[in-house]
Amino acid sequence: MLTPICPICGGEVVEKNVEKIVKGGNDVAILRVKAGVCEKCGERFYTKEVHKKIEEIRSELKQRTLELFKPIGRTYAYEHVIA
């Protein structure tokens, strides 16, 4: 159960489907999850079940257990400082 009032700013919290970026080791996954989102400050709140699943996915990324993941591109690091 999500809180109806944001404990940070007092705004109204509504349930929404949001994207959550999860990093595990050098890999990143984009998840679609249900979250409570404060209408005033934008803070997100997750149920214990969603939080547990996010942590499981983070662990799978770290262990490179990637059978359930679909590659969607590549990420590159640009090695120079842009001034």
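The residues on offer are Gly42, Gly10, and the sole one that is part of a loop (DSSP other than H, G, I, E, B), touching a residue at least 24 places away in the same chain (Cβ under 8 Å) and on the phi > 0 side of the Ramachandran plot is Gly10. Tallying residues that are within 27 Å of Thr75 (Cα to Cα) and either among the hydrophobic types (A, V, I, L, M, F, W, C) or in contact with a helix residue (DSSP H, G or I) (Cβ under 8 Å, 6 or more places away or on another chain) (or both) within the range 1-34 yields 14. Taken over the range 50-83, the criterion of being among the charged types (D, E, K, R) and part of a loop (DSSP other than H, G, I, E, B) is satisfied by Arg64, Glu67, Lys70, Arg74, Glu79. Say whether the condition of being closer than 30 Å to Gly10 by Cα, surrounded by 12 or more Cβ atoms within 10 Å (Cβ to Cβ) and acidic (Asp, Glu) is met by at least one residue in the range 24-35. No. Of all the residues in the range 40-61, those that are in contact with an Asp or Glu (Cβ under 8 Å, 6 or more places away or on another chain) and closer than 14 Å to Lys23 by Cα number 1. Test Lys20 against the criterion of being closer than 30 Å to Gln63 by Cβ, surrounded by 11 or more Cβ atoms within 10 Å (Cβ to Cβ) and of a type in the set (Lys, Arg), and give yes or no. Yes, satisfied.
The set of residues from the range 45-54 being surrounded by fewer than 14 Cβ atoms within 10 Å (Cβ to Cβ) and either within 21 Å of Ile8 (Cα to Cα) or in contact with a strand residue (DSSP E or B) (Cβ under 9 Å, 6 or more places away or on another chain) (or both) comprises Lys48, His51.
Values in this text are rule-based calculations from the coordinates and carry no lab data. Computed from a predicted structure; not experimentally measured. Reconstructed Cβ throughout: ideal geometry from the backbone, glycine too, with neighbour counts over all protein chains shown.
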